[in-house]
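K.L.:
Pasting a structure below so you can have a look.
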Amino acid sequence: MSPQEWLNVLKSAYLQEFIRRGGSAVKFAVVEEAQDVKTVCIGVGALSREEGFVTIHADSHCTKVQLIDLLYKEMARQIDWDALAFEYVKKLFREHQWKIPERREECCWSSLASLNCCDEAAMHREVNAWLEGSLFQDFHMSREFRLAMIQLCVAQLELPESPSQESAAIKAWLRGELKQMAILKKILIFEKVTRSNARDLIISLAHWTRLLGKPGMVLTI
């Protein structure tokens, strides 16, 4: 089977069917020519992006992918956490039939309150209740991940030109780059990313992509 034939099968049988319907799979590709490795990786990435999957590539020459914490950190560095959080915020607003602009730059608490004919305090209460009900009670994700996503979602409604220190710290923590954990203690995140929690974070990330309405996540190594 040629690389292109294999990619066609992957697309039709997995990306468009099995995985999209909630399944998961680990696929191995053994190529005859060394140059085909890059072709296959690029092809899988292009197909998965085309089908709407969150797409990540980890190069085993640069990352020790056999170490779960290093694999997760490489995955996290390739994620646009703000973009995903804003997608979820928009999804919540639409589900509750509230108005929200398409562009992040046009969103802040005051403009959203005006757009929906309510005061900012009421807007805060509603959004916090939505997030607690939909995320904090979702035990498919680890507690640390749930708390981080709630804070990132709230941060999407702050003024873009004045991002909070907490938001920046959460993203650094997710990427395994945060040096001091003290700033996150008040939101009850105490541990750095290590081998003990990296697996749970990967599982949480995969579930998070589904919550956004995406068909899932594709990782090539």
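K.L.:
Given the conditions (1) modelled with pLDDT of 90 or more; (2) assigned to a loop (DSSP other than H, G, I, E, B), which single one is not true for GLU102?
P.N.:
In the conditions (1) modelled with pLDDT of 90 or more; (2) assigned to a loop (DSSP other than H, G, I, E, B), GLU102 misses (1) alone.
K.L.:
Hey, among ALA29, ALA122, ALA76, which residue is among the aliphatic types (A, V, I, L, M) and without any contact (Cβ under 8 Å) to a residue 12 or more places away in the chain?
P.N.:
Working: ALA29 fails: without any contact (Cβ under 8 Å) to a residue 12 or more places away in the chain; ALA76 fails: without any contact (Cβ under 8 Å) to a residue 12 or more places away in the chain.
So the residue among ALA29, ALA122, ALA76 that is among the aliphatic types (A, V, I, L, M) and without any contact (Cβ under 8 Å) to a residue 12 or more places away in the chain is ALA122.
K.L.:
OK, next. Could you check SER114 against (1) assigned to a helix (DSSP H, G or I); (2) buried (at least 16 other Cβ atoms within 10 Å of the Cβ); (3) over 19 Å from the mean Cα position of the chain (by Cα) and say which number it fails?
P.N.:
Of everything listed in (1) assigned to a helix (DSSP H, G or I); (2) buried (at least 16 other Cβ atoms within 10 Å of the Cβ); (3) over 19 Å from the mean Cα position of the chain (by Cα), SER114 misses just condition (2).
K.L.:
Go through (1) closer than 17 Å to MET217 by Cβ; (2) modelled with pLDDT under 95 one by one and return the number of the condition CYS107 breaks.
P.N.:
For CYS107, the failing item is (1).
K.L.:
Take the residues of the range 145-160 that are surrounded by fewer than 19 Cβ atoms within 10 Å (Cβ to Cβ) and among the aliphatic types (A, V, I, L, M): which is nearest to GLY176 (Cα to Cα)?
P.N.:
Filtering first and then ranking leaves LEU147.
K.L.:
Hey, another quick one. What residue, among those in the range 57-99 that are within 21 Å of GLU191 (Cα to Cα) and in a loop (DSSP other than H, G, I, E, B), is farthest from the chain's Cα centre (by Cα)?
P.N.:
So the first thing to find is which residues in the range 57-99 are within 21 Å of GLU191 (Cα to Cα), and the list is 67-77, 79, 81.
Okay, now just the ones that are also in a loop (DSSP other than H, G, I, E, B), so 67, 79.
Values: LEU67: 21, ILE79: 6 Å.
So the residue we want is LEU67.
K.L.:
Let me ask something else about it. Tell me which residues, restricted to the range 202-221, are in a helix (DSSP H, G or I), among the β-branched types (Val, Ile, Thr) and either free of Cβ contacts under 8 Å to residues at least 40 places away in the same chain or under 19 Å from LEU15 (Cβ atoms) (or both).
P.N.:
Of the residues in the range 202-221, the ones in a helix (DSSP H, G or I) are 202-211.
Going one step further and asking which of them are among the β-branched types (Val, Ile, Thr), we end up with 202-203, 209.
THR209 - this is the single residue of the range 202-221 that is in a helix (DSSP H, G or I), among the β-branched types (Val, Ile, Thr) and either free of Cβ contacts under 8 Å to residues at least 40 places away in the same chain or under 19 Å from LEU15 (Cβ atoms) (or both).
K.L.:
Residues that are assigned by TED's automatic domain parsing to the domain that holds ILE202, assigned to a helix (DSSP H, G or I), over 17 Å from the mean Cα position of the chain (by Cα) and not basic (Lys, Arg): does the range 13-30 have at least one? Explain how you work it out, then say what you get.
P.N.:
As a first pass, look at the range 13-30 and keep what is assigned by TED's automatic domain parsing to the domain that holds ILE202: none.
No, the range 13-30 has no match at all.
K.L.:
Looking only at residues that are surrounded by 10 or more Cβ atoms within 10 Å (Cβ to Cβ) and within 19 Å of GLU51 (Cβ to Cβ) in the range 26-39, which one is modelled with the highest pLDDT?
P.N.:
The extreme case among them is LYS27.
K.L.:
List the number of the failed condition for GLN97; all other conditions in (1) of a type outside the set (Lys, Arg); (2) in the same structural domain as ALA169 (by TED's automatic domain parsing); (3) under 28 Å from ILE202 (Cα atoms); (4) exposed (fewer than 13 other Cβ atoms within 10 Å of the Cβ) hold.
P.N.:
GLN97 satisfies every listed condition except (3).
K.L.:
Among the residues of the range 130-180, which ones are part of a helix (DSSP H, G or I), under 23 Å from GLU74 (Cα atoms) and modelled with pLDDT under 95?
P.N.:
GLN165, GLU166, SER167, ALA168, listed by residue number.
K.L.:
When you look at TRP6, is it crowded, with 18+ Cβ neighbours inside 10 Å, among the hydrophobic types (A, V, I, L, M, F, W, C) and closer than 18 Å to ALA206 by Cβ, yes or no?
P.N.:
Values: crowded, with 18+ Cβ neighbours inside 10 Å: yes; among the hydrophobic types (A, V, I, L, M, F, W, C): yes; closer than 18 Å to ALA206 by Cβ: no.
No.
K.L.:
For the range 190-201, name all the residues that are surrounded by fewer than 17 Cβ atoms within 10 Å (Cβ to Cβ) and either assigned to a helix (DSSP H, G or I) or small (Gly, Ala, Ser) (or both). Steps first, answer last, please.
P.N.:
At the first step, the residues of the range 190-201 found to be surrounded by fewer than 17 Cβ atoms within 10 Å (Cβ to Cβ) are 190-192, 194-196, 199-200.
The answer is SER196, ARG199, ASP200.
K.L.:
Would you check if SER164 is outside the structural domain of ALA46 (by TED's automatic domain parsing) and surrounded by fewer than 17 Cβ atoms within 10 Å (Cβ to Cβ)?
P.N.:
Details: outside the structural domain of ALA46 (by TED's automatic domain parsing): yes; surrounded by fewer than 17 Cβ atoms within 10 Å (Cβ to Cβ): yes.
For SER164, the condition - outside the structural domain of ALA46 (by TED's automatic domain parsing) and surrounded by fewer than 17 Cβ atoms within 10 Å (Cβ to Cβ) - is met.
The values are calculated or read from the model by the stated rules, or taken from the named source; none is laboratory data. Just so it is clear, the structure is predicted and the values come from calculations on it, not from any experiment. No Cβ is skipped: glycine too gets one built from the backbone with ideal geometry, and neighbour counts run over all protein chains shown.
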